[in-house]
Amino acid sequence: MNTFSDSLSTALQLIVGADPLLLSIVLRSLAVSATACALACAVGLLLGAWLGVARFAGRGLLLTVLNTSLALPSVVVGLVVYLLLSRSGPLGFLGWLFSFQAMVLAQAILVLPVVTALTRQVVEDVDRASGEQLTSLGAGLWLRSLLIAWDERYALLTVIIASFGRAISEVGAVMIVGGNIDGFTRVMTTAIALETSKGDLPLALALGMVLLGVVLLLNAVISVLRRWLQQRDDRPLLFEGAPT
């Protein structure tokens with residue numbers, strides 16, 4: 001018996017048949033990651049745009065810390081959030097441990113450095129070329145950063161997709177703070193780990209295929225949207241030839 005071919009066949013049947021268990025896990029995972037990404041982007045885009053144009057003492061050290069946090073292990077974030085939300089922790093009164101909110105918080109913390117660092121780099125590159133011109137026209141620090149961010153909004157779409165990919169593919173933090181509870185906090189990555197350890201390879205493979213499909217679909221949609229908007233505005237493509 002070919003285990004891989006049998007598992008693949010069953011996995012495809014689960015996907016095509018919209019298996020209720022599979023569907024619930026996928027929808028929960030999308031909800032958690034989309035919420036976390038939205039929260040991180042709301043803060044990270046503004047903070048990154050400001051850091052791209054601001055100059056102050058200690059900026060170099062702050063950027064070093066920010067860039068280092070890009071490689072922040074998810075299990076460390078999960079541990080910190082767990083301690084904060086535990087009954088004896090400073091945020092224990094919220095009662096969020098092993099909940100949807102806890103997983104969103106952990107993923108948002110993981111995604112925030114990605115959004116901030118990439119946005120900062122995009123804005124700073126443009127500011128070097130046109131920042132003085134904007135300043136001469138009377139644009140203050142915040143206005144300059146916002147104008148550049150808006151002008152580079154197509155490039156920032158890539159930043160948003162990168163942050164969502166970081167969130168939805170994460171496993172360590174959500175497993176720690178969510179508890180991987182069936183029907184409540186089980187998402188695609190934690191379910192894949194659990195089902196593989198249990199030997200339920202078809203479900204694990206189906207979830208893995210859906211996870212890759214979601215990321216691929218989002219990248220394709222953003223790529224098409226960027227090109228359509230850029231053609232509508234009649235402006236050159238940014239990062240032409242770069243992967244999205």
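The values are calculated or read from the model by the stated rules, or taken from the named source; none is laboratory data. These numbers come from a predicted model, not from an experiment. All Cβ positions, even for glycine, are placed from backbone atoms using ideal geometry, and neighbour counts span all protein chains on display.
Checking each residue in the range 47-75 for being aliphatic (A, V, I, L, M) and in contact with a Phe, Trp or Tyr (Cβ under 9 Å, 6 or more places away or on another chain) picks out A49, V53, L62. Consider S24 carefully, then state whether it is surrounded by fewer than 18 Cβ atoms within 10 Å (Cβ to Cβ), under 27 Å from A206 (Cβ atoms), at pLDDT 90 or above and among the polar types (S, T, N, Q). Judged against the criteria, S24 is a match. Within the range 110-143, the set of residues being modelled with pLDDT of 85 or more, of a type in the set (K, R) and farther than 30 Å from G172 by Cα is empty. Inclusion of S74 among residues that are touching a Gly at 6+ places or on another chain (Cβ under 8 Å), farther than 30 Å from G208 by Cα and not aromatic (F, W, Y) is not warranted.
Just one of (1) under 18 Å from M175 (Cα atoms); (2) in a loop (DSSP other than H, G, I, E, B) fails for V75. It is (2). Being under 30 Å from L27 (Cα atoms) and buried (at least 19 other Cβ atoms within 10 Å of the Cβ), is that true of even one residue in the range 127-144? No. T116 passes every criterion in (1) more than 24 Å from S223 (Cβ to Cβ); (2) part of a helix (DSSP H, G or I) apart from (1). Per the listing T64, T35, the residue uniquely out of contact with any Leu (no Cβ under 8 Å at 6 or more places or on another chain) and surrounded by fewer than 17 Cβ atoms within 10 Å (Cβ to Cβ) is T64. Would you mind stating whether V111 is surrounded by 13 or more Cβ atoms within 10 Å (Cβ to Cβ), under 30 Å from I181 (Cβ atoms), touching a Cys at 6+ places or on another chain (Cβ under 7 Å) and touching a residue at least 40 places away in the same chain (Cβ under 8 Å)? So V111 fits the description; yes.
Is it the case that some residue within the range 78-85 is surrounded by fewer than 13 Cβ atoms within 10 Å (Cβ to Cβ) and either at pLDDT 95 or above or outside any helix (DSSP H, G or I) (or both)? Outline the logic, then answer.
Of the residues in the range 78-85, the ones surrounded by fewer than 13 Cβ atoms within 10 Å (Cβ to Cβ) are none.
Within the range 78-85 (the criterion being surrounded by fewer than 13 Cβ atoms within 10 Å (Cβ to Cβ) and either at pLDDT 95 or above or outside any helix (DSSP H, G or I) (or both)), the answer is no, since none of the residues qualifies.
For the range 88-108, the candidate set comprises residues that are among the small types (G, A, S) and surrounded by 15 or more Cβ atoms within 10 Å (Cβ to Cβ); within that set, the residue that is farthest from C41 (Cα to Cα) is G89.
Just checking, which of S24, S33, S99 is under 19 Å from V187 (Cα atoms), under 18 Å from the mean Cα position of the chain (by Cα) and in contact (Cβ under 8 Å) with a residue 60 or more places away in the chain? Answer to the selection: S33. For the range 47-61, taking the residues that are touching a helix residue (DSSP H, G or I) at 6+ places or on another chain (Cβ under 8 Å) and part of a helix (DSSP H, G or I), the one that is surrounded by the fewest Cβ atoms within 10 Å (Cβ to Cβ) is identified as R59. If you go through the range 8-35 and keep only what is out of contact with any Asp or Glu (no Cβ under 9 Å at 6 or more places or on another chain) and either under 28 Å from R120 (Cβ atoms) or not in a helix (DSSP H, G or I) (or both), you end up with G17, A18, D19, L30, V32, A34, T35.
Given the structure, is F93 over 19 Å from T158 (Cα atoms) and part of a loop (DSSP other than H, G, I, E, B)? So F93 does not fit the description; no.
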